[in-house]
Amino acid sequence: MLQTDDKKARGHQRSPSDTQAFRERTKRDALNELQQELHKLEASATGEVKQEIQRQFEGFTHLFKRFLQEEGPSLQWNGIQKLPDDAIKDYNSLPTPEGEEIKALLNKLIVIKLNGGLGTSMGCHGPKSVIEVRNGLTFLDLTVQQIEYLNKVYNANVPLILMNSFNTDDETQRIIRKYRGIDVDIHTFNQSCYPRINRDSLLPIAKHCDIFDDIEAWYPPGHGDFYESFRNSGLLNKFIKEGREYCFISNIDNLGATVDFKILKLLLDKREASPLEFVMEVTDKTRADVKGGTLIKYEDKLRLLEIAQVPKEHVDDFKSVKTFKFFNTNNLWIKLSAIERVLEKNSLNMEIIVNDKTFSNGLNIIQLETAVGAAMKSFEGSIGINVPRSRFLPVKKTSDLMLVMSNLYTLRNGSLVMSPQRMFPTTPLIKLGDNHFAKVKEFLTRFPTIPDLLELDHLTVSGDVTFGRGVTLKGTVIIIANHGERIDLPPGTILENKIVSGNLRILNH
């Protein structure tokens, strides 16, 4: 049996304090190394670009410091408190404003769309906002139409502000020129541009500051960057001076996120004892939304809880529709003067999202990001409003695109309205196979026209399947072409509660 000298062995063991000191030293080293690398990168920039890069790097260094310091979960699961009854208001209980009151409300509002994302996940080049979604109109076209209609009908002047990223700004600037003759003031600003970090060395992978020469080395740090970037652009100050009081923020790909008069009236109701500073639209969680962020009370404050913050052993609890009944739509209404105050006091606090990515060459990198809704706990007077599902209509996949292009909706002044012929208020659940339907171009070749979905509950399509014109789908329909098989549904096919599998080809002769 191997004997050891206990005294000697003990001399090589680290005491807890030694381990702590070691960690602190490695953190200090990591921060010093990063700052040296950032100075080198700064040195490669010139003129105005250099000033902007310095400001961006200050923000990034602050985020990186927090990343090094914050260990373990950002909350203790047992510390989650029961939501008070008044934490979430029912949308249907809100009064509706009328006539001249609407114009007065609209003149206190600005609309902000988060426009930093690319359409790459759907196989499209350029900003996601330029994907055509209905009648040849893009997300951006529909947004501009909605606001033009409001301004025209109510003789108002609601401005549209687009938060772009370095990925989307150039093309967006070119596109918005076509709206010059339209009665909407459009402003843009860019969110930050941060360097991607090597996961092993914790150092930037960029070698210089020419972003477009090495675009893979940079990233936009999530929409939580909105607050600082909006202030730095000068637009926050401009709109406060003009007498605007609230901004309505939403993702540009959420076609349900339109200006809502009832919520606006609630915000500007002078009878409220203390003004609402932060309102998050939430909607009832279904099994399809189990990964969506939810509202909780923690340390006596309302806050957003995202799945990334949940300890592994509680993920099933988080996904439970019974335990957490609502999820965040990312439609937010925030008081402009409150944003200014929180930034001045330096009290903005958002959890860091560590986004791991692996490049095709095997390089592992991390992106440090934040989410705009996570700032909720930094504001006073925060509530959720339980809104109808119709206010959450995001287009993340071609299955979502299929819904919004179908006869389930009609287009009215830039807004999608569910057809009165649909008997149920919910939309069908659609699953399209990634191999054949994930990219918009391929999706459109397989659907020369979108089928009639008015009576559809559930559709699953997998494999090499093509739909003819004028197809009708009802109830639950499952269509599966296994490997090497092909299914071509003839024009005019009606499928109700059917499973279709095998080979089906009808050839013209």
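The values are calculated or read from the model by the stated rules, or taken from the named source; none is laboratory data. In this text, all values refer to a predicted model and were calculated from it rather than measured experimentally. For neighbour counting, all protein chains shown are included, and Cβ atoms are generated from backbone atoms with ideal geometry for every residue, glycine included. Surface areas here come from the heavy atoms of the whole protein model, side chains and all, with no ligands, DNA or RNA. Shrake-Rupley method; radii C 1.70, N 1.55, O 1.52, S 1.80 Å.
Before moving on, here are some points about what is shown:
- Here is the figure for region 88-102: residues that are assigned to a strand (DSSP E or B) and surrounded by 10 or more Cβ atoms within 10 Å (Cβ to Cβ) total 2.
- Selected residue (only one of 197, 161, 211, 182 is aliphatic (A, V, I, L, M), in contact (Cβ under 8 Å) with a residue 24 or more places away in the chain and touching a Pro at 6+ places or on another chain (Cβ under 8 Å)): 197
- For region 382-397, the count of residues that are surrounded by 19 or more Cβ atoms within 10 Å (Cβ to Cβ), modelled with pLDDT under 90, touching a strand residue (DSSP E or B) at 6+ places or on another chain (Cβ under 9 Å) and not hydroxyl-bearing (Ser, Thr, Tyr) is zero.
- Taking region 105-195 as the region of interest, the strands (runs of 3 or more DSSP E) fully inside it that hold 1 or more residues being under 18 Å from residue 248 (Cβ atoms) and open to solvent by less than 40 Å² (accessible area, probe 1.4 Å) are 109-115, 160-164, 186-190.
- Note on region 417-432: among residues that are open to solvent by 30 Å² or more (accessible area, probe 1.4 Å) and in a strand (DSSP E or B), the one that is farthest from residue 387 (Cα to Cα) is 431.
- Residue ranges of strands (runs of 3 or more DSSP E) in region 433-509 with at least 1 members on the phi > 0 side of the Ramachandran plot and either open to solvent by less than 40 Å² (accessible area, probe 1.4 Å) or not basic (Lys, Arg) (or both): 472-480, 494-501
- When each of 356, 400 is tested for being of a type in the set (Asp, Glu), under 20 Å from the mean Cα position of the chain (by Cα) and either in a helix (DSSP H, G or I) or closer than 30 Å to residue 444 by Cα (or both), the lone residue that passes is 400.
- Pick from region 57-78, criterion open to solvent by 30 Å² or more (accessible area, probe 1.4 Å) and part of a helix (DSSP H, G or I), ranking: farthest from residue 325 (Cα to Cα): 58
- Considering 392, 379, the condition of being touching a residue at least 12 places away in the same chain (Cβ under 8 Å) and either within 21 Å of residue 135 (Cα to Cα) or among the acidic types (Asp, Glu) (or both) is satisfied by 392 alone.
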